[in-house]
């Protein structure tokens, strides 16, 4: 049993050889859905910039994409605040191709990354 546990731990602690390298873009595009009004809006932000959509304040901390593939999947680190509440309703990484993996749980809004912008 100890041998099995040790092997499992060892397999988890070794980084995969095929790990994908990422490049940081200067900004990105996020899509916001207002579930009450059905309004969909795209917001373009630079890294570190904050924008307002409805009652949300969205800060794009960083946008990454697969190295050598700028049109590939977008990985966005975002901080989202609702109204004037200083405590974020979401802070973390979102993945464009898998928005449900790290989704913001909010009764009115959905937010997900679309792409990184390289210019």
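The values are calculated or read from the model by the stated rules, or taken from the named source; none is laboratory data. Values in this document were obtained by computation on a predicted structure and should not be read as measured data. Quick reminder, even Gly has a Cβ in these numbers, built from the backbone with ideal geometry, and neighbours come from all protein chains shown.
Residue pairs whose Cβ atoms lie under 7 Å apart, sitting 6 or more positions apart in sequence or on different chains, and linking a residue in segment 31-45 that is under 11 Å from residue 111 (Cβ atoms) to a partner that is exposed (fewer than 11 other Cβ atoms within 10 Å of the Cβ), are 31/40; 33/40. Among the residues of segment 86-102, those that are surrounded by 15 or more Cβ atoms within 10 Å (Cβ to Cβ), assigned to a loop (DSSP other than H, G, I, E, B) and modelled with pLDDT under 95 comprise 96, 99, 102. The set of residues in segment 36-76 being farther than 14 Å from residue 117 by Cα and within 12 Å of the chain's Cα centre (by Cα) consists of 58, 59.
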